[in-house]
Amino acid sequence: MNQPVIEASGLSLTFQTNDGPVHALKDVNLTIGKGEFVSFIGPSGCGKTTFLRVIADLEHPTAGTITVNGMSPDAARKARAYGYVFQAAGLYPWRTIEGNVRLPLEIMGYSRAEQAERARRVLELVELDGFEKKFPWQLSGGMQQRASIARALAFDADILLMDEPFGALDEIVRDRLNEELLSLWARTEKTIGFVTHSIPEAVYLSTRIVVMSPRPGRITDVIESTLPRERPLDIRDSREFIEIAHRVREGLRAGHVDD
Amino acid sequence: MRNIVPVLTVTLALLIGWYLAVVPMNAQWERDQAARADTDLGFTTLVARTMSQDRPRLPAPHQVAVELWDSTWVEEMTGRRGWWNSGSLSNRSLVYHGWVTFSATILGFAIGTGLGIVLAVGIVYNRAMDASVMPWAIASQTIPIIALAPMIIVVLNSIGISGLVPKSIIAAYLSFFPVVVGMVKGLRAPDAMQLDLMKTWSAAGLAVFLKLRLPSSMPYLFASLKVGIAASLVGTIVGELPVQQGGLGVRLLSGSYYGQTVQIWSALFAAAILAAVMVGVIGLIQRVTLKRMGMAQ
């Protein structure tokens, strides 16, 4: 494996709720290497989003250790180590597409010229050039989500964390964005953590698939993908793809028996 | 302008209803007069006279319109104390009194809006203020302003503050409330995801306020401002009643002292027109601002 970027060991997180403690994560051990594309898949409540949020320092583990780029998640967040893409695009309605992409750059204190240059570059990367001056409501859901990916790429974080970014989009748009995400990953060589509900999406995108199960949230299987890096959409009809998908489905089912 | 027809229809219906009410309201006095003079009133004469009394119970719309015209344009352009002849506004004109009320309203509105925004920011950012300020703000609005206004004026006068400021304070007292309520809602409008997003960029508190919370609150702020400026006008008029130094409130009160119903009604209309213009101007600013922010509905 390449140089490790994210290392979690013995990671647990328990939420205290009125109905008693909820074990969102229990004893999670995982190492993600530089340049990997790791998908987290599992039913709701399995802790996949929570794990991503722990990496991003949006939640704090109650036990175990985690490092991001060799630092604590807090230090990594302050060092702007990652870009985060949520399920909803979350663009500001009062800012143009370009204004939205510039927003993190403004906050991080980039110069105006640098902001314009970076915004132009990332919007080109997600094929939104020509839409700089449009407001979010003038764009389709898929285009809005591309803009939010551009926003996460605008500053040079080498980790991209994506929490079901295409979950709210229809199948056709999703396929296209999956293809584009892969080519973007190939070009930028970022490390990507990707949460999804969809088996084909996980198998198509990932170099590694982490299968999780709920109550308590834990890892039940980690599957290394044997697919080549170059992946046309029709690779999904290949034998190899179907076998990996089958193994993911088995893993999910095994985790489900506990219910 | 597609709502001009409904607006005109309603206005017409109101005018007709008003005219119909004028006759029975003022008829008794005419009948008494006729009885005293031992003459007989025909129906048409009766109707005509009810609409041209000097001190009617209910003045007819055209009487109010004439009074409005006489006490603005005619007074200022031809009156001895008018602007044309004396170079300053006449204290018998609604332009003068309207201006007195307007300036106190605007000052009070500015104070109230500023105070409202400051309190809202405090409520959103400070837990102690969150728990303590809102009940007081609500309680403050349950006290009838007509009872409070003279006390505010007396207290301020005793520490040497008089004139415009006490009236503005009363106006501010009424107008800060809608701004607090609207701005608290507006500053809390961003959802958890948008706040998380800011956190992933390690945004400082000031950046979160200026780039997320404040812009989010704009639609709420404008809705509050419209209510606030109308409340401010009411506060100013109430504040003018005990002071008696000009303003539409003074016109209302002196009109009722001397039974000048036409004067009362024209002052009321002047206040209504003033309110409509001020709310309209805020609506215009709202449209332009939200359009530039790409949020126009």
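Please treat every number below as a calculation from the coordinates, not as lab data. No experiment lies behind these values; they were computed from the predicted model shown. Heads up, the Cβs are rebuilt from the backbone with ideal geometry, glycines too, and the neighbour counts pull from every protein chain shown.
Restricting to bridges with both residues inside chain A, how much of the DSSP beta-bridge set is antiparallel, in percent to the nearest 5?
55
Sorted from fewest to most neighbouring beta carbons within 10 Å, what does the list B:Leu253, B:Leu20, B:Leu212 look like?
Neighbour counts put them in this order, fewest first: B:Leu20, B:Leu253, B:Leu212.
Pairs B:Lys199/B:Lys226; A:Lys78/B:Lys185; B:Lys199/B:Lys291; A:Lys190/B:Lys199: which exceed 32 Å Cα-Cα?
B:Lys199/B:Lys226, as the Cα separations exceed 32 Å there.
What are the aspartates and glutamates whose alpha-carbon lies under 14 Å from the alpha-carbon of A:Lys34, with same-chain residues fewer than 8 places away excluded?
Output for A:Lys34: A:Glu7, A:Asp158, A:Glu189.
Can you list, bin by bin at 10 Å, the percent of alpha carbon pairs in segment B:172-294, starting at 0?
Here the calculated profile for segment B:172-294 is 13, 30, 25, 16, 10, 5, 1.
Taking every alpha carbon pair in segment A:194-255, what does the distance histogram look like in 5 angstrom bins from 0, in percent?
Taking all Cα pairs of segment A:194-255, the binned fractions are 4, 19, 32, 24, 13, 5, 3, 0 percent.
Around B:Val64, with a cut-off of 14 angstrom between Cβ atoms, what is the net charge of the other residues, counting Lys and Arg +1 and Asp and Glu -1?
0
Work out the P(r) tail for segment B:1-81: percent of alpha carbon pairs separated by more than 21 Å, whole number.
Of the Cα pairs, 48 percent sit more than 21 Å apart.
Looking at chain B as a GNM with Cα springs under 10 Å, which of B:Gly160, B:Gly116, B:Gly255 has the largest mean-square fluctuation?
Its mean-square fluctuation being the largest, the pick is B:Gly160.
Place +1 on the Cβ of every Lys and Arg and -1 on the Cβ of every Asp and Glu in segment B:94-292, take the dipole about the Cα centre, and give the residue among B:Tyr173, B:Pro242, B:Ala131 whose Cα lies farthest towards its positive end.
Farthest towards the positive end: B:Ala131.
Given 37 °C and 0.692 mPa s, compute D for segment B:164-218 with the Stokes-Einstein relation, Rh being the Kirkwood radius over Cα pairs; round to the nearest whole µm²/s.
255
With the cut-off at 25 Å, report for segment A:10-134 the share of all Cα pairs above it, as a whole percent.
Cα-Cα pairs in segment A:10-134 separated by more than 25 Å: 41 percent.
Have a look at segment B:112-210 and give its Rg and Dmax from the Cα atoms, expressed in angstrom.
Radius of gyration, then largest Cα-Cα span, for segment B:112-210: 17.6, 55 Å.
Within 10 Å of each candidate Cβ there may be at most 15 other Cβ atoms; applying that plus a DSSP loop requirement, which chymotrypsin sites (Phe, Trp or Tyr not before Pro) in segment B:77-149 survive?
Answer by residue number: there is no such site.
Once Rh is set to the Kirkwood radius over Cα pairs, what Stokes-Einstein translational diffusion coefficient, in µm²/s, holds for chain B at a temperature of 25 °C and a viscosity of 0.890 mPa s?
In µm²/s, the coefficient is 109.
By DSSP, what percent of the beta bridges with both residues in the protein assembly as shown are antiparallel, rounded to the nearest 5?
Expressed as a percentage, antiparallel bridges in the protein assembly as shown total about 55.
Please identify every one of the trypsin sites (Lys or Arg not before Pro) in segment A:106-153 that sits in a loop by DSSP and has no more than 15 other beta carbons within 10 Å of its own beta carbon.
Those satisfying the criteria are A:Lys133.
Wrap a convex hull around the Cα atoms of segment B:76-150, take a quarter of its surface area, and give that in square nanometres.
7.0
Please list the radius of gyration and Dmax for segment A:95-134, considering alpha-carbon atoms only, with Å as the unit.
9.3, 25
For segment A:186-205 and segment B:37-96, what is the separation of their C-alpha centers, rounded to whole Å?
When both Cα centres are located, 81 Å separates them.
For segment B:12-128, what is the convex hull volume of the alpha-carbon atoms per residue, in Å³?
Convex hull of Cα atoms, per residue: 209 Å³.
Over all directions, what mean area does the Cα convex hull of segment A:89-155 project, stated in square nanometres?
Average of the hull's projected areas for segment A:89-155 equals 3.8 nm².
What's the Kirkwood radius of segment B:12-59 in Å, using all Cα pairs?
One decimal place: 11.1 Å for the Kirkwood radius.
What value does chain A have for Rg/Rh, both radii from Cα atoms and Rh as Kirkwood defines it?
Dividing the radius of gyration by the Kirkwood radius yields 0.97.
I need the Kirkwood Rh of the protein assembly as shown: take the reciprocal of the average 1/r across all distinct C-alpha pairs and report it in angstrom.
For the protein assembly as shown, inverting the mean 1/r across all distinct Cα pairs yields 29.2 Å.
Neighbouring Cβ atoms within 10 Å as the yardstick, rank A:Arg236, A:Arg77 fewest first.
The order, fewest Cβ neighbours first, is A:Arg236, A:Arg77.
Could you please rank A:Ile172, A:Ile32, placing first whichever residue has the fewest other Cβ atoms within 10 Å of its Cβ?
Going from sparsest to densest Cβ surroundings: A:Ile172, A:Ile32.
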